Amino acid sequence: QSVLTQPPSVSGAPWQRVTISCTGSSSNIGAGYDVHWYQQLPGTAPKLLIYGNNNRPSGVPDRFSGSKSGTSASLAITGLQAEDEADYYCQSYESSLTVFGGGTKLTVL
Amino acid sequence: QVTLRESGPALVKPTQTLTLTCTFSGFSLSTSGMCVSWIRQPPGKALEWLALIDWDDDKYYSTSLKTRLTISKDTSKNQVVLTMTNMDPVDTATYYCARMSYSSGIDYWGQGTLVTVSS
């Protein structure tokens, strides 16, 4: 049972917009800790997609954006492309401990 | 450039102790704010954070696994070692080491090493 709750799956057609939620509590996201997002393509290590709630590392397309409010965070992907089909994970902290969401599988229809 | 590489046994028997080594380059674990974490992922399942060691040699462990884990670093060798005692088949997973900072997240990951626990 993951500390952060994500929907198991989301789907969208090419060029659509999808969002993935990450729900925490007053012990983690709601306590003001940053949320980071990762993309994991099949058979590969995760890749940092969004850090510090809404910042994109160099090389990540601006189709990906993050937001945070209260005890939740969201990842939005606009202009959905086939290559975006992957698992997505949110991550935050509880005190000095690192916590992950259970992951969301994105299917591009 | 930053790289991390995990090494260790691919197969361990139940009740044995697993020792994994993370050898990294391109950064120093002596730099303020720098941390290395171990994270695992059972086949087809989610990521699970295990342990972290920081530049100041502070160590943090997953609440559910802390009695079984020990993390340490050798700054001169650019290595971080994780030991996990009393291995069980449910510990079968790909184990990743990764560079992280609290503000920037986990920005570099090793390729992962699959550890299977079986008699």
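The values are calculated or read from the model by the stated rules, or taken from the named source; none is laboratory data. Values in this document were obtained by computation on a predicted structure and should not be read as measured data. Counting neighbours? That spans all protein chains shown, and the Cβs are built from the backbone with ideal geometry, glycine included. Accessible surface areas use protein heavy atoms only, side chains included; no ligands, DNA or RNA. Shrake-Rupley method; radii C 1.70, N 1.55, O 1.52, S 1.80 Å.
Scanning the stretch A:67-82 for residues that are among the small types (G, A, S), under 11 Å from A:C22 (Cα atoms) and open to solvent by less than 50 Å² (accessible area, probe 1.4 Å) yields A:S72, A:A73, A:S74.
Considering only residues that are assigned to a loop (DSSP other than H, G, I, E, B) and within 20 Å of A:L80 (Cβ to Cβ), look in the stretch A:12-43 and name the one that is farthest from the other protein chains (Cβ to nearest Cβ).
In this case the residue turns out to be A:W15.
I want to confirm something. Restricting to the stretch B:8-40 and keeping residues that are open to solvent by 50 Å² or more (accessible area, probe 1.4 Å) and outside any loop (DSSP other than H, G, I, E, B), which single residue is farthest from A:Q91 (Cα to Cα)? Checking each candidate, the answer is B:L11.
Residue count for the stretch A:83-109 under the criterion of being within 12 Å of chain B (Cβ to nearest Cβ), open to solvent by 40 Å² or more (accessible area, probe 1.4 Å) and not charged (D, E, K, R): the result is 2.
Of all residues in the stretch A:44-66, count the ones that are more than 13 Å from every other protein chain (Cβ to nearest Cβ) and open to solvent by 40 Å² or more (accessible area, probe 1.4 Å). The total comes to 3. Among the residues making up the stretch A:70-109, those that are small (G, A, S) and more than 17 Å from A:V3 (Cα to Cα) are A:A76, A:G79, A:A82, A:A86.
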